[in-house]
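Peer 1: Sending over a structure as C-alpha cells; questions will come in a sec.
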Amino acid sequence: MKRRNIFWGIFLLLSAAFIIASQIVSFGTIGVWSILATVFLAAILIPSLIRLEFFGIFIPLAFLYMIYDAPFKQLPDISPWILLSAAVLLSAGFSILFRKRHRRLKAVRCAVENSGRTSENIDDNNPYARASLGSSSKYLHADALQSGRFEASLGELEVYFDGVQLSPAGAEVSLDCSLASMKLYIPKEWNVIDKISSTLGEVSAPRRQTPAEDAPRLTLTGNVKLGSIEIHYI
C-alpha cells in the first residue's frame, strides 16, 4: 500500500509539472484537453503494464493514437472504430494466451460453459469458477473458505456466498471481470474489504451499517476492465 501511494504521489506531481510545462513550452497543435486525456490514459496504462492487464494496455494505447494522430502527420490515418476493435481483440487474445495461473485453487468447470445459463453448486474452501460467452450462477458451500478466484469475460457471472462459512483468519477472493458483468451476493453481517481496482469499469455496493468488529472478514481483490461488479448484501 505504501509503495502504491508513493507511485501515485510521484505520478500526480509529474502530471502537474507536465500540464504547467504545456503552458510554457509549445507542444505544437496538442491542446490542453489532449494533455489532460494523456495524463488520464497514462494513469491507466502504467499500472496495467506493471500487472500485465492487457485491456488496460491496448485500449489506452488506441485512444492515445487517436489523440496524437493529427499532431503527428507521419502516423497512418486509422478509423477510431478499427483502432478500438483491434484493441479489444488484442486484449482478449493476450488475456487468453497469457492467463495467470493460480495455485491452490481447484478448477471447477461447468457442463455447459459457453452458451445459455448454467447453475452449479461448488463445495470447496478454495473455489475457482469462470463464465465466458454466457450466463452462469455459482452457489458456494464451504465450512472454512480461505480463498477463491472468479473470472468473467464477455458474459455474466453470479456468485452466492450465503452457504459459506469463512475461515477464522478470513478469506481473500480474487475477481477478474473483462467486458462482463459480475454480481456477488454476500451475507450482510460480513466485514467486506474492497480492494478491487478498476480499468474503465465500475464497482458498486449499497450503503449499509458498519459490521461488528469481530465479524467474518472477506477481502475482495482483482480488477474490472470495461465491465461491472455489483456487491449485494443479503
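Peer 1: Before we move on, is Asp176 surrounded by 18 or more Cβ atoms within 10 Å (Cβ to Cβ) and either on the phi > 0 side of the Ramachandran plot or charged (D, E, K, R) (or both)? Working first, answer last.
Peer 2: Working: surrounded by 18 or more Cβ atoms within 10 Å (Cβ to Cβ): yes; either on the phi > 0 side of the Ramachandran plot or charged (D, E, K, R) (or both): yes.
Answer is yes for this residue.
Peer 1: Let me ask something else. Search the range 210-234 for residues that are assigned to a strand (DSSP E or B) and pair each with any residue that is among the acidic types (Asp, Glu) and modelled with pLDDT of 90 or more when their beta-carbon atoms are under 6 Å apart and the residues are at least 6 apart or on different chains.
Peer 2: Every condition considered, the pairs that remain are Thr219/Glu172; Leu220/Asp194; Gly222/Asp176.
Peer 1: Working only within the range 141-159, note down all residues that are more than 13 Å from the chain's Cα centre (by Cα), outside any loop (DSSP other than H, G, I, E, B), crowded, with 23+ Cβ neighbours inside 10 Å and not β-branched (Val, Ile, Thr).
Peer 2: Leu145, Gly148, Leu157 - these are the residues of the range 141-159 that are more than 13 Å from the chain's Cα centre (by Cα), outside any loop (DSSP other than H, G, I, E, B), crowded, with 23+ Cβ neighbours inside 10 Å and not β-branched (Val, Ile, Thr).
Peer 1: Could I ask something else about it? In the range 177-184, is there at least one residue being in contact (Cβ under 8 Å) with a residue 60 or more places away in the chain and either assigned by TED's automatic domain parsing to the domain that holds Ala144 or touching an Asp or Glu at 6+ places or on another chain (Cβ under 7 Å) (or both)? Outline the logic, then answer.
Peer 2: Taking the range 177-184 and keeping what is in contact (Cβ under 8 Å) with a residue 60 or more places away in the chain, we get 178-179.
Now narrow it down to the ones that are either assigned by TED's automatic domain parsing to the domain that holds Ala144 or touching an Asp or Glu at 6+ places or on another chain (Cβ under 7 Å) (or both): 178-179.
Yes: the range 177-184 contains one or more residues that are in contact (Cβ under 8 Å) with a residue 60 or more places away in the chain and either assigned by TED's automatic domain parsing to the domain that holds Ala144 or touching an Asp or Glu at 6+ places or on another chain (Cβ under 7 Å) (or both).
Peer 1: In the range 160-187, what residues are part of a loop (DSSP other than H, G, I, E, B) and out of contact with any Phe, Trp or Tyr (no Cβ under 9 Å at 6 or more places or on another chain)?
Peer 2: Those that are part of a loop (DSSP other than H, G, I, E, B) and out of contact with any Phe, Trp or Tyr (no Cβ under 9 Å at 6 or more places or on another chain): Ser167, Pro168, Ala169, Gly170, Ala180.
Peer 1: With respect to the numbered conditions (1) at pLDDT 70 or above; (2) among the aliphatic types (A, V, I, L, M); (3) closer than 27 Å to Ser198 by Cβ; (4) not assigned by TED's automatic domain parsing to the domain that holds Gly163, which one is the sole condition not fulfilled by Val32?
Peer 2: Val32 satisfies all of (1) at pLDDT 70 or above; (2) among the aliphatic types (A, V, I, L, M); (3) closer than 27 Å to Ser198 by Cβ; (4) not assigned by TED's automatic domain parsing to the domain that holds Gly163 except (1).
Peer 1: Please find, within the range 197-209, the residue that is nearest to Phe55 (Cα to Cα) out of those that are touching a strand residue (DSSP E or B) at 6+ places or on another chain (Cβ under 9 Å) and part of a loop (DSSP other than H, G, I, E, B).
Peer 2: Filtering first and then ranking leaves Leu200.
The values are calculated or read from the model by the stated rules, or taken from the named source; none is laboratory data. This one's a predicted model, so the numbers in the text were calculated from it and none came from an experiment. Reconstructed Cβ throughout: ideal geometry from the backbone, glycine too, with neighbour counts over all protein chains shown.
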